[in-house]
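The values are calculated or read from the model by the stated rules, or taken from the named source; none is laboratory data. The shown structure was predicted, so the numbers you read here are calculated from the model rather than taken from an experiment. When we count neighbours, we look across all protein chains shown, and the Cβ atoms used for this are built from the backbone with ideal geometry, even at glycine. The area values use the complete protein model at the heavy-atom level, side chains included, leaving out ligands, DNA and RNA. Shrake-Rupley method; radii C 1.70, N 1.55, O 1.52, S 1.80 Å.
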Amino acid sequence: MTNMTIRAASILLGGCLAASLFAGPVFAIGDDSSTMPTCKKGEIYDQKTKKCVKQQSANVSDENRTDYAYSLAKAGRYEEALAMLDTVKDQNTAEVLNYRGYATRKLGRTDEGISYYLQSVKLDPQYAKVREYLGEAYVVKGRLDLAREQLSTIKAICGTACEEYQDLNAAILDPSKI
């Protein structure tokens, strides 16, 4: 082997080793796109200890409870999600209202869901996720004009490349995707 070949191999190996140090799972806490594990009924996932604990004895933050409720809703456990949201001390946050809207809409109570979404929008007009879900609720109601208004607002908030824009656009184009 030539010195050039050995040097190139060393650089390549060093780069691979360095890359492996940074190649691991990434978890976004408090973010709508994060996926928190769900536990069996009566338990909550504690983000600090990274394990399921009994819900009654859990000393977890409102943010943890809110995020966990969303994970339950995304897992199709809507009633449990609503019950978890009931345990949050501050009921008047954009996230709590959005996730309450999501769970009630998914239970078929679309008008109730819309009312929660609108309250969330009042608290945080720049919250793209609530705009997406409000738009989806409008699609369910057959109000594509209102759904497109939400899509336009999302575009102003985060552009056309963000997940919220793409998901709502897909729902408008094909309502069966909701």
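Quick rundown of the values:
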{"quantity": "Conditions (1) among the polar types (S, T, N, Q); (2) open to solvent by 20 Å² or more (accessible area, probe 1.4 Å); (3) within 16 Å of the chain's Cα centre (by Cα): number failed by residue 98", "calculated": "(2)"}
{"quantity": "Conditions (1) touching a helix residue (DSSP H, G or I) at 6+ places or on another chain (Cβ under 7 Å); (2) polar (S, T, N, Q); (3) within 30 Å of residue 42 (Cβ to Cβ); number of the one not met by residue 61", "calculated": "(1)"}
{"quantity": "In the range 40-51, residue most open to solvent (accessible area, probe 1.4 Å) [restricted to those that are modelled with pLDDT of 75 or more and outside any loop (DSSP other than H, G, I, E, B)]", "calculated": "51"}
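For (1) in contact (Cβ under 8 Å) with a residue 12 or more places away in the chain; (2) under 26 Å from residue 60 (Cα atoms); (3) open to solvent by 30 Å² or more (accessible area, probe 1.4 Å), each residue gets a yes or a no:
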site	(1), (2), (3)
89	yes, yes, yes
115	yes, no, yes
154	yes, no, no
167	yes, no, yes
